[in-house]
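The values are calculated or read from the model by the stated rules, or taken from the named source; none is laboratory data. All of these numbers come straight from a predicted model, not from anything done at the bench. Here the Cβ positions follow ideal geometry from the backbone for every residue, glycine too, while neighbour counts run over all protein chains shown. Quick note on the areas: whole protein, heavy atoms, side chains included, nothing else; ligands and nucleic acids left out. Shrake-Rupley method; radii C 1.70, N 1.55, O 1.52, S 1.80 Å.
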Amino acid sequence: MNHAMAQEGAADIATAVAESVQYQGRKASRQGSEQRRQVILDAAMRIVVRDGVRAVRHRAVAAEAGVPLSATTYYFKDIDDLLTDTFAQYVERSAAFMAKLWVNNEGLLREMVLSGDGTPQARSKLADDIARLMTDYVHRQLINRREHLMAEQAFRQEALLNPRLAELVRAHQQILLQGTRQLFEVLGSREPQEDAKVLTAIIGRMEYQGLLNDAEPVGEVEMLGILNRYMHLVLASV
């Protein structure tokens with residue numbers, strides 16, 4: 001992340017990423033044409049979530065989307081373009097979601113910080129409250145956005161072999177990291193970047209474990225215990 005990006009807020013970064021996403025396939029010239037292109041990308045994403053990245057083929061996507069095979073090959077000359085644009089759309093939508101999430105929660109977070117008097121007891125309560133918020137966030141992700149997380153895991157794996165996807169994965173990671181960094185800046189962390197990297201790693205592991213356990217996440221008590229301990233460690237040094 002460059003210096004200019006570091007000076008922007010989390011919502012600004014997410015919005016900027018959403019607006020900067022570049023698609024590789026043929027551009028749609030009419031509204032109806034764009035709608036068909038979206039239908040194809042959505043179908044490709046469903047296949048990724050259900051059967052994995054390797055199952056994405058022109059014929060399979062056409063059947064899933066209910067369009068002629070010629071439609072998929074018209075917009076996407078090869079599978080690489082189709083996969084790249086499918087994940088580009090994912091990143092664009094994810095960025096928009098994260099921008100809205102931060103805008104909706106930043107005020108609440110600042111109120112929580114200002115309501116304390118800076119004493120160890122107040123910081124301890126704040127750590128408990130933030131841990132509960134994080135636990136609730138992970139739980140909602142696993143219940144309400146499971147397919148979104150499945151797609152993220154699939155594309156992260158594929159990005160190890162595909163440089164074009166790797167660039168998009170890095171952009172997506174910056175959205176998550178910047179949002180978490182701003183959380184720690186609001187909390188007064190001395191090392192917000194490092195703390196953000198640790199927290200995003202913890203949450204990422206919890207999400208992966210929840211997916212691995214067939215949408216039954218790590219027990220909420222266990223998640224809360226882990227996040228509670230980490231937030232207490234961070235806020236004890238503030």
Next on the checklist: Looking at 82, 108, 114, can you tell me which residue is buried (at least 19 other Cβ atoms within 10 Å of the Cβ) and either closer than 30 Å to residue 185 by Cβ or of a type in the set (A, V, I, L, M, F, W, C) (or both)?
Outcome noted: 82
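Take region 130-164 and flag every residue that is acidic (Asp, Glu) and crowded, with 18+ Cβ neighbours inside 10 Å.
We begin by selecting, within region 130-164, every residue acidic (Asp, Glu); these are 136, 147, 152, 158.
152, 158 - these are the residues of region 130-164 that are acidic (Asp, Glu) and crowded, with 18+ Cβ neighbours inside 10 Å.
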Next on the checklist: For region 187-226, which positions are in contact (Cβ under 8 Å) with a residue 40 or more places away in the chain, out of contact with any Lys or Arg (no Cβ under 8 Å at 6 or more places or on another chain) and either closer than 20 Å to residue 125 by Cα or of a type in the set (S, T, N, Q) (or both)?
Outcome noted: 187, 188, 189, 190, 199, 220, 223
Next on the checklist: Within region 165-175, does at least one residue satisfy the condition of being among the β-branched types (Val, Ile, Thr), buried (at least 17 other Cβ atoms within 10 Å of the Cβ) and either at pLDDT 90 or above or touching a strand residue (DSSP E or B) at 6+ places or on another chain (Cβ under 6 Å) (or both)?
Outcome noted: yes
Next on the checklist: Name the single residue that is most open to solvent (accessible area, probe 1.4 Å) among those in region 50-79 being more than 16 Å from residue 156 (Cα to Cα) and part of a loop (DSSP other than H, G, I, E, B).
Outcome noted: 77
Item to check | Matching residues, region 45-95, being small (Gly, Ala, Ser) and either touching a Lys or Arg at 6+ places or on another chain (Cβ under 9 Å) or within 22 Å of residue 168 (Cα to Cα) (or both) | outcome: 52, 55, 65, 71, 88, 94, 95
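Yes/no matrix, rows are residues, columns are (1) among the β-branched types (Val, Ile, Thr); (2) under 30 Å from residue 140 (Cα atoms):
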position: 61; (1), (2): yes, yes
position: 65; (1), (2): no, yes
position: 70; (1), (2): no, no
position: 75; (1), (2): no, no
position: 90; (1), (2): no, yes
position: 93; (1), (2): no, yes
position: 108; (1), (2): no, yes
position: 113; (1), (2): yes, yes
